[in-house]
Structures are given as structure tokens and as C-alpha cells.
Amino acid sequence: MTVRHILIDEENLQHRELPIYRAGTVGSVKLSDSEYKVYDSLEIDAQSYAALFHYGVIEALNALPFISESNNGLDSWDEVFLASANIGAMRGIIDNCIETIGGKSPERIMLGWQDDPERIAYWREIDPAKTLDFLRQLRDFAARAAEKGCDLEFIL
């Protein structure tokens, strides 16, 4: 049986509407607030989202005590919080990930597949340089949040 391969194209609206096309947000919030308020946010674009999982960044960050209703830690299709007191440790993990990813070459990764109604494999190009830029932005965003006494909310 033939498998059709689709390389996700950011410019293709149909690709952006696929369930396999994932992006997210990191917000600075205060868990102690009586009402939910996002003080600042950082978008996680679809390339960075896939790269965070592919390069093991999400797995490494799960060493931290994330707060969530599901108790699954930082994971896809979830919302979790990280207390401000743990942001320093998060920044250290990100620094280690930056060292690990540095020097890697661009590559294609499979995001997922389907068998029905036809066999399709979905792929994405991952650029380590873009991932490193995002990780530096995330590290700096987290530092600013901590300076303001904010906690982090990850919506993946």
C-alpha cells in the first residue's frame, strides 16, 4: 500500500488547519492572583513546538515540578504551570539543551501518520538555528517573568 508524504508548509492554510499542526503559548501569570491575568506571553510557533519535543527539551523540562490538572507534567495538548521559584532551574535546563542542540544540522521529522481514509505520513523540517533562537527567547522571557514575581503557564 502506498503512503503519501506531506511536508508541512507554513504558508498552506490547509496544513495549518490539520490537527497535527501544533503551536502553543507561554504566559507569565501570578498563581496568587484572585483573577486570571496574563502579564506577558511568548508564542511557540509550530516549528519550535515540534523541535521542543524532537530535541528532548520537553522531556528535560519535566524534571521540574509542573502543576496541572492531569498531573502529566509538561506535555502536548495540556496546560501546566511552573512556580516562579523553579524558573532558575528551568533556565539551567534550557542552557543545557542549547549546548546539546548547537551544531546539529537541519532535518525532517515525522510528526505523525494516518491510515484512513488514505495512508499519509506528515513531516516537518526542523531548523536547529531557529530552535536555538526560540530557546534563548524562552530563557529570557522566563527570567523577566521571575524578576516580576510571575509564574509561567504553558499552553501546549
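For the reader, a short list of remarks on this structure follows.
- When residues of the stretch 137-155 are limited to those that are in a helix (DSSP H, G or I) and within 13 Å of the chain's Cα centre (by Cα), the one farthest from residue 9 (Cα to Cα): 139
- All of 9, 45, 33 fail the test of being of a type in the set (Asp, Glu), surrounded by fewer than 18 Cβ atoms within 10 Å (Cβ to Cβ) and touching a residue at least 40 places away in the same chain (Cβ under 8 Å), apart from 45.
- If you go through the stretch 29-43 and keep only what is assigned to a loop (DSSP other than H, G, I, E, B) and of a type in the set (Phe, Trp, Tyr), you end up with just 36.
- Count of the stretch 101-122 residues which are in a strand (DSSP E or B) and out of contact with any His (no Cβ under 6 Å at 6 or more places or on another chain): 9
- Residue, surrounded by the most Cβ atoms within 10 Å (Cβ to Cβ), within the stretch 69-100, restricted to residues that are in a helix (DSSP H, G or I) and within 15 Å of the chain's Cα centre (by Cα): 97
- For residue 51, the criteria (1) surrounded by 13 or more Cβ atoms within 10 Å (Cβ to Cβ); (2) more than 15 Å from the chain's Cα centre (by Cα) hold in every case but one, which is (2).
- Candidates 123, 77: the one that is of a type in the set (Phe, Trp, Tyr) and modelled with pLDDT under 95 is 77.
The values are calculated or read from the model by the stated rules, or taken from the named source; none is laboratory data. Everything quoted here is computed from the prediction, not taken from an experiment. Heads up, the Cβs are rebuilt from the backbone with ideal geometry, glycines too, and the neighbour counts pull from every protein chain shown.
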